[in-house]
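The values are calculated or read from the model by the stated rules, or taken from the named source; none is laboratory data. In this text, all values refer to a predicted model and were calculated from it rather than measured experimentally. Methodologically, a virtual Cβ is constructed for each residue, glycine included, from the backbone with ideal geometry; neighbour enumeration extends over all protein chains shown.
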Amino acid sequence: MNARVTSEFGAKTTAREVAAGHDLNGVAAIVTGAASGIGVETARALAEAGAEVMLAVRNQAAGEATAADIHKTAPGKVSVGVIDLSDLTTVAAFASAWGDRPLDILINNAGVMACPLTYTAQDLEMQIGTNHFGHYLLSVLLARALMNAAQDGRQSRLVSLSSIGHRRSGVHFEDIHYRQRPYDKWEAYGQAKTANSLFAVGFNERFADLGVNANAVMPGGIMTPLQRHLPREEMIAFGWMDESGKTNDRFKSTEQGASTTVWAALGDELEGVGGLYLENCNQALPWTQDNPFEGVMPHALDPETAERLWAVSEETTGAKV
């Protein structure tokens, strides 16, 4: 077994602190879902270190406002591209517009959580359709751009945002999209987050030798628009906040929540390393009942399941490598 990959950083480190000391001039990055939450702070940290960052967002006006705000402190160029991960036609159009120009970092950050049963434009269950299949297509279509950026022995990097929510469910291949089985919003979220981790395993297996490493990231608990579908009463019942609205001390700020993503994108400790599940700026330990809010379960890193998911993803999106 390889030694656990760790860093000097931890749960309360900020994205800026991780990026400090990195000169990203000449580095190109795409961050999906970068108009709100930790996506903003991820893009900000990269741009402040000099990277050229494209904010891949559904709402162009929100993206332009975010870009203008980042420009106040960032020397790096910040641009906006429109993409709706719940509609694969827009994903393909976004990737086509980027083309094969070198892409050093792709951060699959956007996501939806615990929404009512709805379906994407291609009739896929919304959570796995957006969180996984949309990002799968984007990543495969940009694979050549990622490979084109690898040079001088340094790998390009793909970061796939997962969650401790993966513990709620593996991938139900017999009925991924809830055609027959009863819908459970948290099981569906768990399935999608497991898929995000398995995707990193599958992508790394295919592209590590071609100059691209992929890792999954658990950012931690952060209050962001990701909770838009959750009633206040449910969040209080979970202990995420108290009756007065004060957030549980276990939660991170958005700046802290973006730190593991930025470490996955930049950390020297991860050069040439892929297929891992990272949290709190370290490789995650195995999940245990004694510490239920951290760690990774075996089903989220299983290579055989990753291969099965990859085959389903190829069939679903039509994109093969």
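Below are the figures for this structure:
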item	result
Leading residue by the ranking (nearest to residue 49 (Cα to Cα)) among those in the range 277-294 that are touching a residue at least 60 places away in the same chain (Cβ under 8 Å), of a type outside the set (S, T, N, Q) and in contact with a helix residue (DSSP H, G or I) (Cβ under 8 Å, 6 or more places away or on another chain)	281
Subset tally (residues that are part of a strand (DSSP E or B), buried (at least 24 other Cβ atoms within 10 Å of the Cβ) and under 15 Å from the mean Cα position of the chain (by Cα)) for the range 186-223	6
Boolean, residue 17 is part of a helix (DSSP H, G or I) and of a type in the set (Asp, Glu)	yes
Qualifying positions in the range 98-125 - closer than 22 Å to residue 203 by Cα and among the hydrophobic types (A, V, I, L, M, F, W, C)	98, 103, 105, 106, 107, 110, 112, 124
Hits in the range 268-311 - residues which are touching a Leu at 6+ places or on another chain (Cβ under 9 Å), assigned to a loop (DSSP other than H, G, I, E, B) and not hydrophobic (A, V, I, L, M, F, W, C)	274, 275, 294, 295, 302
Residue within the range 34-51 that is under 24 Å from residue 281 (Cβ atoms) and assigned to a strand (DSSP E or B) present	no
Candidate set from the range 149-174 (those that are of a type outside the set (Lys, Arg) and in a helix (DSSP H, G or I)); member that is farthest from the chain's Cα centre (by Cα)	174
Unique match (being surrounded by fewer than 22 Cβ atoms within 10 Å (Cβ to Cβ), closer than 16 Å to residue 39 by Cα and either among the charged types (D, E, K, R) or touching a residue at least 40 places away in the same chain (Cβ under 8 Å) (or both)) among 84, 100	84
Qualifying residue in the range 122-140 (condition: at pLDDT 95 or above and assigned to a strand (DSSP E or B))	yes
Enumeration of residues in the range 100-126 that are hydrophobic (A, V, I, L, M, F, W, C) and either at negative phi or in contact with a strand residue (DSSP E or B) (Cβ under 9 Å, 6 or more places away or on another chain) (or both)	103, 105, 106, 107, 110, 112, 113, 115, 117, 121, 124, 126
